[in-house]
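Colleague: Starting off with a structure, shown below.
Read-outs throughout are calculated quantities, based only on the coordinates presented, and are distinct from any laboratory measurement. Just so you know, these numbers come straight off a predicted model, no measurement behind them. Please note: Cβ atoms are built from the backbone with ideal geometry, for glycine as well, and neighbour counts cover all protein chains shown.
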Amino acid sequence: MKLNPFIAFVMPVWACLLHPANVMAEEQVRVLVPPFESQGYLGENVANVLGFQLLGTLSDVDKNTSGVIIFGTQPLKTFSEESAIERALNLTNLAHLVIWGKAYSFSDGVGIQANLSFTPFRLKDANRKHREIWTIHVPSGESIVELKVDLPRQSYSFPAILLSPEAVSQFEKIFEKLVIFGDPALTKQVGTMAGAFRAYQYLPDRAEIESNGVRGWVRLPLGWASQSVVSSFSAAYIRLLRGDWLGAEMLLENIVQSENLNAEIRIDISLLLGLTREMQGKSGVSQFLTAVNENEFDVSAIKYLIMGRVADIMRASEKSDARDEAYGQLVQDLGEYAFLFSGDDEWFRDVGTAASLLKP
Amino acid sequence: MPGTVIKLRALAAVFAVCQLFAEQTRAQEPVLKASVWKYGGAISAPSQDAIDSFRSIVADKILMLRSSLSDTTEAKYLASLAIDLTHQNENLSDPLAAWQTEQALLLMSGILVSPQAGSGAFTVASTIYIGDLAQRYGSPTQSKNSFRVDLPISSEELGTIQDTHSLLIIYALTLDALSTNRDHQVVFRLIAMAHNISQDLQLRGRLNGDAALISKEMATIAQSLRYPAP
């Protein structure tokens, strides 16, 4: 990707400094949902519905964080992750996640491909506490060995959402002619929606929007708030990034039984369920094993399993059978999956050091 | 003072974003080219639409694969995976010569079959040619250099079009990585991804023909790397 740094930065920097409260005041998890590529309004409306579904999952957790959904108004320059991330890193967005996609037209309907990507800003944002990074400290005399794993993947492609021609037609008109009211009680009509809109606030059955030059409140049609795999999985990640382990666990438990999952997402649901358990002081090993059984070549799954073994040892009482058993399993896993790591892999070397320190 | 803190935080964020863009503009590896040749049989407007949809799905998927595969240091070179549409209107008459001349990872071509009465959807017979990659690697079980998948171009088959072509491309990338002695971590990453795609195809009842053959070959490669012969 070639960018002119002058054009890319000078103007947005001023915008940022003039409106600092807009982006920098508190720890936020920011999600950009730009319009999906499509013919007509379909892609824009799909993105907006996903955005509203995500808004419906934001909760008030006592972690001094907030979730922010940014409804994009401009389509991406090209349909690519690079383009999605470039837009998300725009200083007016500074998003940590971006949900982007495309609607493919066929003679029998439309297939919608949605993707979720983390931006590099997730790790570089100095305002964030990076709660999602799992860290274990193994004491080593007067120092410690620090073991860390980051999220299992940086991007996901969801299974296609299929819409019949009738559903496409409904989707294209979903925002048309909704009455805009001047007050949240929805008593005084001030206009009607048409074309693109911008969302400001969301309540379970209504939202504050601006459309057609009019800002006000609209009553959301029934069924909008029902969650899709795309929105539930993305929402689980928002909760993880905010440190809302219980909230993330609830969402993941809800979608794990869905038939519309691919292997990659199924594996990561298991890993993330295990992670939420570990973050709550419980063992996540059985969830990690589920992931490994699905794909034993998945390095992230193996890393989570090994971390889980180390955590099990550290949770067990000194000189207990549970500790001996966990240690035996750790040694066995390190031997069995060493083939996935190169000789100079720092993480694997550190785990080996930790194992020797934890030897009963 | 809070204003100053906020401005400093804003500047820190700007600095972080500058770093990110600098990282993304580093020098690139030689191109791993997926070269698209003519998909014949498209003579009417609907058939041309179908073939355009198909090409767009495959091209987009290659871009997505490129992003998701190249996010580790060892796999950075996979960011050079690219789709080349220069020859999309030319017939592929001599695949080996084209593969060598283009220095391509693989060539894609095929034919569009009109829908049978009542079925509604066009079918594409897509052929992927990988030259002598399998021989270069010295595959003990596989010497085919051309693979074919037949798929309806319909909304229900969107996932299958993406998955079968992804599997074929990942197979070619695996053979390329093995024959150029890339880090085994890269190869196992490709194997892991192929395993997931095979599972998805299997669940949909679409792991058959050459897709099944490649899935099996990837499993064989995985075992040979995991338990190398003494």
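Colleague: Tally Lys/Arg at +1 and Asp/Glu at -1 over every other residue whose Cβ is under 13 Å from the Cβ of A:Val256; what's the total?
Modeller: Every neighbour counted, the sum reads -4.
Colleague: Then there's this: Considering only DSSP beta bridges whose two residues both sit in the protein assembly as shown, what percent are antiparallel, to the nearest 5?
Modeller: In the protein assembly as shown, DSSP labels about 75 percent of beta bridges as antiparallel.
Colleague: Next question. How would you order A:122-129, A:187-194 from highest to lowest mean count of nearby Cβ atoms within 10 Å?
Modeller: Ranking the peptides A:122-129, A:187-194 by packing returns A:122-129, A:187-194.
Colleague: With 10 angstrom as the radius, rank A:Val46, A:Val218 by how many other C-beta atoms surround their C-beta, starting from the fewest.
Modeller: Ordered by Cβ neighbours within 10 Å, fewest first: A:Val218, A:Val46.
Colleague: Give the Kirkwood hydrodynamic radius (Å, one decimal) of the range B:87-205, defined as one over the mean of 1/r across all pairs of different Cα atoms.
Modeller: By the Kirkwood definition, the hydrodynamic radius is 15.8 Å.
Colleague: What number do you get for the range A:244-360 when its Cα radius of gyration is normalised by 2.2 N^0.38 Å, N = residues?
Modeller: In units of the 2.2 N^0.38 Å rule of thumb, it is 1.10.
Colleague: Might you report the magnitude of the Cβ-based charge dipole of chain B about its Cα centre, with Lys and Arg at +1 and Asp and Glu at -1, to the nearest 20 debye?
Modeller: Using only the charged Cβ atoms, the result is roughly 580 debye.
Colleague: Quick one: if you take sqrt(5λ) for each eigenvalue of the C-alpha gyration tensor of the protein assembly as shown, what semi-axes come out, biggest first, whole angstrom?
Modeller: 37, 36, 23
Colleague: Continuing with the same structure: Contact order normalised by length for the range B:121-230, with contacts defined as Cα pairs under 8 Å and 6 or more residues apart; what percent is it?
Modeller: Normalised by residue count, the contact order of the range B:121-230 is 26 percent.
Colleague: What distance in nm separates the two pseudo spin-label positions at A:Gln280 and A:Glu26, each 7 Å out from Cα along the beta-carbon direction?
Modeller: That separation, rounded to one decimal, is 2.4 nm.
Colleague: Additional query: Measure up A:Lys282/B:Lys61; B:Lys76/B:Lys216; B:Lys33/B:Lys144; A:Lys102/A:Lys177 against 29 Å on the Cα-Cα distance and list the ones that go over.
Modeller: A:Lys282/B:Lys61
Colleague: Other chains near A:102-114: what is the mean number of their Cβ atoms within 10 Å of each residue's Cβ?
Modeller: Taking the mean over all residues of the peptide, I get 6.
Colleague: Right, next: Stokes-Einstein diffusion coefficient for chain B at 10 °C in a medium of 1.306 mPa s, Rh from the Kirkwood formula over Cα pairs: what value in µm²/s?
Modeller: 82
Colleague: Follow-up question, since we're still on this one. Ordered by packing density, taken as the mean number of other Cβ atoms within 10 Å over each peptide's residues, highest first, how do A:94-105, B:103-114 rank?
Modeller: A:94-105, B:103-114
Colleague: Among A:Leu55, A:Leu42, A:Leu178, determine the one that fluctuates most according to a GNM of chain A built with springs between C-alpha atoms less than 10 Å apart.
Modeller: Most flexible of the set in this elastic network: A:Leu178.
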